[in-house]
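Structure first, commentary second.
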Amino acid sequence: MAKKKLPEQPITVKNQPVAEATTTSSSSLVKYILPGLLFLLALLLYSNTFKHRFVLDDHGIIKNNKYTKAPISLENTKTIFSTPLRKGDVSDLENSLYRPFVKQIFNIEWNVFKGDPHSFHVINTIFYAITCVFIFFVLYDMMKKKWVIPFLISLLFLVHPLHVESVANVKSADEILSLLGIVMALRCIQLYVTKQKSLYLGFAILSFLMGSFSKESTIVALAIFPLFIYFYTEADLKKNGMISAVMALCSGFFLLCRHFSLRGYPEPSPLSAMDNYLVECPNGASRIASAINTLGLYLKTFFIPHPLSCDYSYSSLSPVTFASPYFLLAFAVLTALFVFALIKLKVKENIAFGILWFFISISIVSNVFFLIGTSFGERLMFTPSLGLTMALVFALAHFLKTNSGNEGFLAEFKKAPLLFGIVLLVSAVFAVKTYSRNADWKTDFKLFSRDINYYPNATHLLFYMGNHLSGNERKEVLNYEMTELGYTYQQIMDSSAKENNNSIYYFTKSLSIFPALPSDGYNQLGKAYYNSGQLDSAEKYYNMAFERDTTNGIFINNLGTVYYTQASRLVPIINNYGSAGRVDSANFYFQKRVNDVLKSRVYFIKAHQKDSTESDFTNNIACSYGDLGVPDSAIFWFEKSVKLDPLDTTALKFLEITWRNLQNNQKADEWHKKFMDAKTIHLQRLAE
C-alpha cells in the first residue's frame with residue numbers, strides 16, 4: 001500500500017496566531033498588569049494609613065523641625081545637606097545620623113502640602129509601591145523573563161506585616177528610599193550589562209546615591225552588587241570589578257560628605273541600656289550570644305509576625321549566654337543557612353543568593369560587629385526581609401519541582417497550584433495582619449496603648465506613653481473629642497487630670513525598671529507634676545532635664561513657668577491681706593510676686609536666646625511684661641509670636657485682651673477675628 005506523501009513544510013498557519021497571542025498576552029501581563037497590580041495592591045493595603053497623624057520620630061524630624069518646615073530655598077537645602085538629621089529639633093544632642101535626601105523630601109512635602117500629615121502618608125505608600133514594582137522587574141530579569149517566582153516574591157514582600165512600621169511611620173521613608181535606591185541601581189546595572197550603554201551606569205550611580213543619602217546602611221549594597229552581578233549577569237570578572245568599584249566610589253563620596261557635615265558636633269552620649277539592652281551584657285561573650293539570639297528573634301518575627309511593637313527596649317529583651325537554649329537554636333539555624341549559602345555559592349543557587357542578601361543587609365544592624373542605637377526594630381528588617389522572602393519562595397519552588405514559564409496566569413497556576421496556593425494563602429493572612437496593624441499607627445496614643453499591652457516592661461514604651469499623656473497634643477485631641485461627644489467642661493477637666501496622673505504612673509514605672517530617663521522624659525515628668533499643681537516636683541524634674549541637656553530652650557522655658565506660676569498663686573494672698581487692711585503683708589507678698597515674675601522672665605529670655613523661632617517663649621516674655629503692667633512691651637512680644645506662628649491662638653487672644661484693656665476696641669476686634677480664624681483652622685485639623 002502506497003504511503004501518502006507528506007508536505008515538505010509543516011502547516012503552521014493555524015497555530016501561528018495563537019502563539020502570537022500568547023506572547024502578546026504574556027508581554028502585557030509582565031509590563032503592565034502585574035506591576036500595576038502590585039502598585040494598586042500596595043495603595044489599597046495601606047489606604048487606611050492615609051488619615052493618620054504624625055507619630056514617634058515624625059515629631060522631631062518633621063513636625064517640630066524648623067529646617068523641615070522652612071520655606072524651600074537653596075540656603076535651607078544647603079543647611080539640610082550639611083547638618084545631622086535631627087538638626088532643627090528642640091535638642092541638638094543626637095548628631096550621629098546623616099540622611100539629608102529624605103529630609104529634603106520632607107521639606108518639599110511640608111511646603112507643598114502645608115504640613116498636612118495625611119499627604120505625607122500617601123507619599124510614603126507611593127514610595128513603597130514603586131519599590132515593590134522595581135523589585136518585580138529586577139527579579140523578572142534575574143529569572144530569565146519568567147514571571148511566576150518574581151511575582152510571588154514581590155507579592156509576599158509587599159504584604160508582609162513587618163513592613164508596617166516602615167510605611168505607616170512617615171519618618172521611615174528613609175528605609176523605603178534606601179531599598180528603592182538599591183533595587184533601582186540593580187535594575188540599571190542589569191540594563192547596563194545587557195545593552196552596554198553608559199547612560200544606565202549613570203542612572204545606577206544616581207539611584208545608589210539617592211539611597212545612600214537617605215540612610216547610611218545603604219552601604220551594605222557594596223557587597224550585594226558584585227554578588228548580584230556574579231549570580232545573574234553575563235558580565236566577566238573585570239566588568240564586575242569595574243561596576244563594583246564605581247559603586248564603591250559613590251559610597252566614598254557619601255562618607256566624605258557625611259564626615260564634613262557631622263564634624264565639629266559633640267560626640268554622642270554613651271549608649272544607654274534603655275536604648276540597647278546589649279549594653280547590660282556582663283562581658284563580650286554574653287554580648288555576642290545576645291546579639292545572635294536577637295538575630296534569631298528577627299527570623300522568628302519574619303515567619304511569625306506577632307505580636308508586633310513600635311518598641312522592644314529594655315527590659316522586653318534581656319542578655320543571654322552561650323548556654324541559653326534560645327541562643328543555641330538561633331545559632332544552629334543561622335549557621336546552617338550561612339553554610340548552605342556558601343556551599344551553593346559556586347553553582348549560583350537562587351536560594352543561596354536570598355540567604356546571602358539577608359546576612360549582608362542585616363549585618364550592619366545586627367549588633368554583632370558593633371553596637372547601634374537600638375537592640376531590635378521591625379524597620380531594620382525592611383531590606384533584609386527581601387532576602388528571606390527570595391530564599392523562601394525559591395526554596396518552595398525548588399522542593400515543589402516547579403518549572404515556571406512565561407505563559408498566562410491560569411496556565412502557570414495549573415503548572416504549580418501548590419506553589420501558588422501556599423504563597424497566596426500566606427499572603428492573604430499577612431495582608432489581613434498588615435491592614436489591621438496599620439490602624440494601630442494612627443496616633444501616638446493608640447500605638448503606645450496597644451503595644452504596651454504586649455510589652456508592659458519596655459522602658460522606652462513606658463516613657464513614650466508618659467510623654468504623650470502629659471503633652472499638649474493629647475490634651476487638645478482629648479478636649480476636642482470629648483467636646484464633640486457632648487461632655488461637660490468639668491468632665492473634660494477630670495479626664496485630663498486622670499490622664500495626667502496616668503502619665504506620672506508610666507514615668508514612675510519606667511524609672512522603677514531602669515533608673516534613668518532621657519532628658520525629655522524628665523521634662524515631661526516635670527510637666528505632668530506641673531499640670532497636677534505640684535510645683536516643687538515640677539521644678540525638680542525640669543532641673544534634671546536641664547542638667548542633661550543645657551541646649552534645650554524648652555527645658556529653660558519650663559523652669560520659668562514654675563516661677564511665673566508661683567507668682568500667680570500669690571495674687572489671692574495679696575488680695576486677702578489687702579482686704580483685711582494688712583498693708584505690710586500685702587506689700588511683702590506683692591514684692592515677692594514681682595520678683596518671681598522677673599525671675600521667670602530671665603528664664604524666658606534665655607530660652608528665646610536658645611531658640612528664637614519658638615512662639616511659646618516669646619508669648620511667655622510678653623505675659624511677664626503684661627503681668628507687671630507694661631502693655632507696650634507685651635504687645636511687641638505677642639506680635640513677635642504671631643510672626644513666628646500666625647496660628648498661635650495664645651498670642652492672638654492676648655493681643656485682643658491687651659488692646660481691649662487699652663480701650664482700643666477696633667484693634668481688639670481685629671485680633672479677635674484673627675483668633676477665631678486660627679481657632680477654626682485648629683479645630684479642622686483636629687477633626688481630620
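Things worth noting here:
- Rg over Rh [alpha-carbon atoms, Kirkwood Rh] for the stretch 271-399: 0.98
- Our note on the geometry: Cα centres of the stretch 494-526 and the stretch 429-444, 27 Å apart.
- Working from label points 7 Å from Cα in the Cα-to-Cβ sense, the residue 336 to residue 649 distance is 6.0 nm.
- All-pairs Cα distance distribution in the stretch 44-127, expressed in whole percent, bin size 5 Å: 3, 16, 26, 24, 17, 9, 4, 1
- Its Kirkwood hydrodynamic radius, worked out from the mean inverse distance over all distinct Cα pairs, puts the stretch 218-321 at 17.7 Å.
- Calculated on C-alpha atoms, the gyration radius of the stretch 323-426 divided by its Kirkwood radius gives an Rg/Rh of 1.06.
- Placing a label point 7 Å from the Cα of residue 633 along the Cα-to-Cβ direction, the residues of the stretch 583-610 whose backbone N falls under 14 Å from that point are 594-606.
- Tilt relative to the chain, helix 100-112 - C-alpha long axis, 0 to 90 degrees, to 10: 70 degrees
- With R₀ fixed at 30 Å, the C-beta to C-beta distance from residue 271 to residue 536 puts the FRET efficiency at about 0.35.
- Distance histogram in 10 Å bins (all Cα pairs of the stretch 221-274, percent per bin): 21, 30, 21, 18, 9
- The trypsin sites (Lys or Arg not before Pro) of the stretch 112-178 that meet both conditions, a loop assignment by DSSP and at most 15 other Cβ atoms within 10 Å of the site Cβ, are 114, 144, 145.
- Helix 417-440 axis versus longest C-alpha principal axis of the chain: approximately 10°, rounded to the nearest ten.
- The simple spin-label model puts a point 7 Å past each Cα toward its Cβ; for residue 422 and residue 329 those points are separated by 2.1 nm.
- Estimated at 0.36 nm per residue, the fully extended path between residue 472 and residue 347 surpasses their Cα-Cα distance by 39.0 nm.
- Estimated vicinal HN-Hα couplings, Hz - the stretch 122-136 in sequence order (Karplus 6.51, -1.76, 1.60; Gly, Pro = x): 5, 4, 4, 5, 5, 4, 5, 4, 4, 4, 5, 5, 5, 4, 4
- Among the listed pairs 509/610; 87/215; 640/673; 171/215, those whose Cα-Cα separation exceeds 21 Å are 509/610.
- Length gained on full extension, residue 315 to residue 116, computed as 0.36 nm times the residue gap minus the Cα-Cα distance: 68.1 nm.
- The simple spin-label model puts a point 7 Å past each Cα toward its Cβ; for residue 682 and residue 481 those points are separated by 1.9 nm.
- Pairs spanning more than 30 Å between alpha-carbon atoms, out of 69/540; 446/679; 51/146; 348/414; 344/433; 442/599: 69/540; 51/146; 344/433; 442/599.
- Cα point-scatterer Debye curve for the stretch 444-687, base-10 log of I(q)/I(0) at q = 0.12 Å⁻¹: -0.83
- Share of pairwise Cα separations in the stretch 121-260, more than 26 Å, in percent: 24 percent
- Degrees, to the nearest 10: 665-687 long Cα axis against longest axis of the chain: 30 degrees
- Whole-Å distance, taken between Cα centres, linking the stretch 622-654 and the stretch 268-303: 50 Å
- Over all pairs of different C-alpha atoms, the chain has a mean inverse distance whose reciprocal, the Kirkwood radius, equals 28.6 Å.
- Potential extension, residue 454-residue 73 segment - 0.36 nm per residue separation minus Cα distance: 132.7 nm
No lab work stands behind these numbers, since they all come straight from the coordinates. In this text the structure is predicted, and so the values were computed from the model without any measurement. Heads up, the Cβs are rebuilt from the backbone with ideal geometry, glycines too, and the neighbour counts pull from every protein chain shown.
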